[in-house]
Amino acid sequence: MYTFQTKAEVTQISLTGARLIVILGALMTAPRDLQDLNALISECGLVDKNYSNDTIRIALSTLKAAGCEISRPCKSNDYKYQLLSHPFALKITDEEIAALKTLYANMTRGSDYRIAVKFNELFNTLAEHTFDERLSGELLGITSFCKIEQDVYKKILAQDGKNNIITIVYATPAKKLGTKKFMFGRIFLKSNKLYVEGIDTETNNTVCYNMTRIRQVVKIEQGVSDYKPVVYNVKYLLKNIDNHVLPSEAKAGKSNNNQTEVEIEFTSKFFAVQHILSLGEDCTVIEPAEIREEVISKLMELRKVYA
Amino acid sequence: MLKVNISSLRVLQMLQLLFEKNYTMNELMAALSEVSGERCSNFLISKYINTCRFCGIDIQKIDGKYTLLKLPFGIEFSDDVLNLLDEIRDYSSEMRLGKNIRAYNSLLAKINRRSDRYYSKIAPPEDDKNIQNFEYAVENGWKVNVTYIAEGNSNLIICDPLELSCVEDTLAIVVNYNGERKKILYKDIASIAVSTVKSSGNLLSTSVIFKLQNALARRYTLRPEEKVVGINDDGSITVLNKTEDKQSLLNRLLKYDSMCEVISPRAYKKEMKNIIDKTLANYGK
């Protein structure tokens with residue numbers, strides 16, 4: 001942890017100050033007992049002899065006087081001193097959190113889910129070093145990944161690039177639990193939620209699961225074939241293309257009379273229809289007929305709502 | 001009374017000061033003297049700095065100020081996160097998110113002082129006059145005069161500035177104009193001037209109420225600007241949205257199909273009906 005200079009390199013130092021920094025650093029990394037702390041000081045070569053327990057206790061009192069909160073050693077914590085908080089912690093302001101929220105929202109919109117995962121790691125690290133529950137909660141809440149079971153999060157993320165067969169316990173929005181078995185396809189981010197997509201092994205349909213609702217990864221088996229999801233190659237005419245935010249995978253084709261032909265591949269019929277509906281009157285689906293009919297049917301239902 | 005070692009306490013107090021900002025020798029002497037309640041000489045400060053350096057804490061004099069650059073027992077960031085910090089810096093700088101650049105730079109400075117590795121790449125501050133005027137007006141509650149180009153024509157509007165935002169990879173300003181939120185792409189803006197009229201901020205923006213049916217109500221994630229104002233017996237919920245701009249809100253609500261219904265204001269309800277009719281007309285229905 002330390003890269004001590006030799007004493008000859010520095011003319012004037014405070015040995016007691018150096019001892020305190022060693023103890024502070026040691027407690028910042030893990031709870032320690034008096035023997036651990038003494039051993040660490042000896043290892044650093046600060047002095048040739050061991051300190052008495054009283055000397056170490058004075059150092060601990062000095063840390064407390066500087067604003068550190070240190071737990072008393074007792075049986076329940078294995079007679080170790082634990083640093084509960086310290087004045088050197090990151091003090092993140094509300095403005096900084098607001099900036100992180102804005103930057104996260106903008107940088108992850110329409111992007112690969114991996115950037116959101118990196119953000120999540122950053123927020124976790126910052127939260128870990130902020131001794132403020134409210135700020136820590138705010139940081140962890142930016143991605144919403146803290147709502148995913150950590151074991152599920154790790155296991156599903158580790159599947160990326162493999163075509164394994166996964167069995168999960170999944171809770172539906174009505175909170176009914178069921179077992180699902182599917183061939184892993186990909187992970188994607190939508191509306192700040194992580195989804196895992198795959199092919200149901202029984203029905204051969206493309207399925208999407210919100211990772212927040214996966215309660216457990218029960219089994220992971222080696223896949224035997226390549227992942228080939230059903231793909232909806234959707235073509236539509238779009239008016240006023242500049243007024244719309246299209247997914248990065250959208251391919252804009254020829255334009256005529258302020259109408260542009262757009263082509264996008266969707267692996268989910270649900271998301272394809274949602275996307276088209278959100279474009280409103282500017283969009284007319286050309287193909288496939290299945291999606292066109294579904295859009296018309298949804299619009300007819302909507303018309304009844306506003307009749 | 002706790003028995004403490006004064007000399008080592010001063011080392012920690014000095015370190016604590018350097019965690020907050022960079023100091024010249026004179027400033028550090030004055031600050032530590034104030035914190036400790038006793039005069040701290042140049043000799044003592046040098047001794048304390050040497051003590052920190054001896055323990056591997058990198059304190060260097062940059063532009064005449066003592067600067068904490070590395071803490072051997074500091075925060076361990078993975079390579080992925082360090083790359084991300086660079087990406088965020090480049091993005092915020094490229095997108096010219098003025099206030100966000102300043103806030104992010106301030107966070108980066110704190111991270112630098114607490115990292116176990118050298119990391120000191122700060123984005124340059126935004127120097128665009130229009131952005132500075134816009135943010136000044138937001139912070140001080142003034143209206144703004146915005147001149148922008150739309151369909152080849154130059155328009156001047158006097159409006160309440162709300163925030164800087166991003167539309168895909170383009171910067172936009174969000175304003176309150178005639179009681180509605182309006183986004184104007186930064187690339188279309190010719191000038192932004194601070195008006196002499198006080199802003200009414202977001203007070204005049206329209207409150208939109210919509211209802212979400214059972215299945216959607218259970219899985220819907222509220223946006224920061226939304227709140228549930230009613231939970232109905234049939235499992236549906238009523239949501240109030242105060243700040244989303246009209247077009248983005250209606251387009252978003254459309255995708256929830258018949259599981260979502262705009263309740264008020266009447267103008268929004270009417271517009272929703274018009275959009276549905278016009279969209280169906282595209283299919284000859």
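The values are calculated or read from the model by the stated rules, or taken from the named source; none is laboratory data. All of these numbers come straight from a predicted model, not from anything done at the bench. Please note: Cβ atoms are built from the backbone with ideal geometry, for glycine as well, and neighbour counts cover all protein chains shown.
Some observations on this one:
- Residue match in region A:156-178 (condition: in contact with a Leu (Cβ under 8 Å, 6 or more places away or on another chain), within 15 Å of A:Y113 (Cα to Cα) and aromatic (F, W, Y)): no
- Odd one out for A:S225 among (1) assigned to a helix (DSSP H, G or I); (2) surrounded by fewer than 16 Cβ atoms within 10 Å (Cβ to Cβ); (3) among the polar types (S, T, N, Q): (1)
- Residue ID - farthest from A:M300 (Cα to Cα), chosen from residues in region B:255-273 that are facing another protein chain (nearest Cβ under 8 Å) and out of contact with any strand residue (DSSP E or B) (no Cβ under 8 Å at 6 or more places or on another chain): B:K255
- Segments classed as strands (runs of 3 or more DSSP E), wholly inside region B:149-203, with at least 3 members that are modelled with pLDDT under 80: B:153-167
- Condition met for B:E87 (assigned by TED's automatic domain parsing to the domain that holds B:R102, free of Cβ contacts under 8 Å to residues at least 40 places away in the same chain, among the acidic types (D, E) and outside any strand (DSSP E or B)): yes
- From B:V175, B:V197, B:V229, B:V239, residue being more than 9 Å from every other protein chain (Cβ to nearest Cβ), of a type in the set (A, V, I, L, M) and in contact with a Pro (Cβ under 9 Å, 6 or more places away or on another chain): B:V175
- Flag if B:V81 is closer than 30 Å to A:V117 by Cβ, assigned to a helix (DSSP H, G or I) and of a type in the set (A, V, I, L, M, F, W, C): yes
- Residue in region B:44-57 that is within 11 Å of chain A (Cβ to nearest Cβ), closer than 29 Å to A:E121 by Cβ and among the charged types (D, E, K, R) present: no
- Only residues that are closer than 21 Å to A:D242 by Cα and in contact with a Gly (Cβ under 7 Å, 6 or more places away or on another chain) were counted in region B:137-167, giving 1.
- All positions within region A:268-280 that are surrounded by 18 or more Cβ atoms within 10 Å (Cβ to Cβ) and either aromatic (F, W, Y) or in a helix (DSSP H, G or I) (or both): A:F271, A:A272, A:V273, A:Q274, A:H275, A:I276, A:L277, A:S278, A:G280
- In region B:1-36, of all residues being facing another protein chain (nearest Cβ under 10 Å) and farther than 23 Å from B:K110 by Cα, the one that is surrounded by the most Cβ atoms within 10 Å (Cβ to Cβ) corresponds to B:S8.
- Members of region A:281-299 that are more than 7 Å from chain B (Cβ to nearest Cβ) and either surrounded by fewer than 17 Cβ atoms within 10 Å (Cβ to Cβ) or of a type in the set (V, I, T) (or both): A:V285, A:I286, A:E287, A:P288, A:A289, A:E290, A:I291, A:E293, A:V295, A:S297
- In region A:70-114, of all residues being within 30 Å of A:G161 (Cβ to Cβ) and touching a Leu at 6+ places or on another chain (Cβ under 7 Å), the one that is farthest from the other protein chains (Cβ to nearest Cβ) corresponds to A:Y113.
- Test: residue in region A:81-96 that is of a type in the set (A, V, I, L, M, F, W, C), part of a loop (DSSP other than H, G, I, E, B) and over 27 Å from B:D80 (Cβ atoms): no
Rundown of residues vs (1) farther than 21 Å from A:A30 by Cα; (2) surrounded by 14 or more Cβ atoms within 10 Å (Cβ to Cβ); (3) of a type in the set (D, E); (4) free of Cβ contacts under 8 Å to residues at least 24 places away in the same chain, yes/no style:
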{"residue": "A:S42", "(1), (2), (3), (4)": "no, yes, no, yes"}
{"residue": "A:R57", "(1), (2), (3), (4)": "no, yes, no, yes"}
{"residue": "A:R72", "(1), (2), (3), (4)": "no, no, no, yes"}
{"residue": "A:P87", "(1), (2), (3), (4)": "no, yes, no, yes"}
{"residue": "A:K101", "(1), (2), (3), (4)": "yes, yes, no, no"}
{"residue": "A:M107", "(1), (2), (3), (4)": "yes, yes, no, yes"}
{"residue": "A:K118", "(1), (2), (3), (4)": "yes, yes, no, yes"}
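- Residue satisfying all of: in region B:204-241; at pLDDT 80 or above, polar (S, T, N, Q) and farther than 21 Å from A:P173 by Cα; surrounded by the fewest Cβ atoms within 10 Å (Cβ to Cβ) among these: B:S207
- One residue alone among A:Y209, A:Y232 is farther than 22 Å from B:Y283 by Cα, more than 10 Å from chain B (Cβ to nearest Cβ), of a type outside the set (G, A, S) and in contact with a Phe, Trp or Tyr (Cβ under 8 Å, 6 or more places away or on another chain), and that residue is A:Y209.
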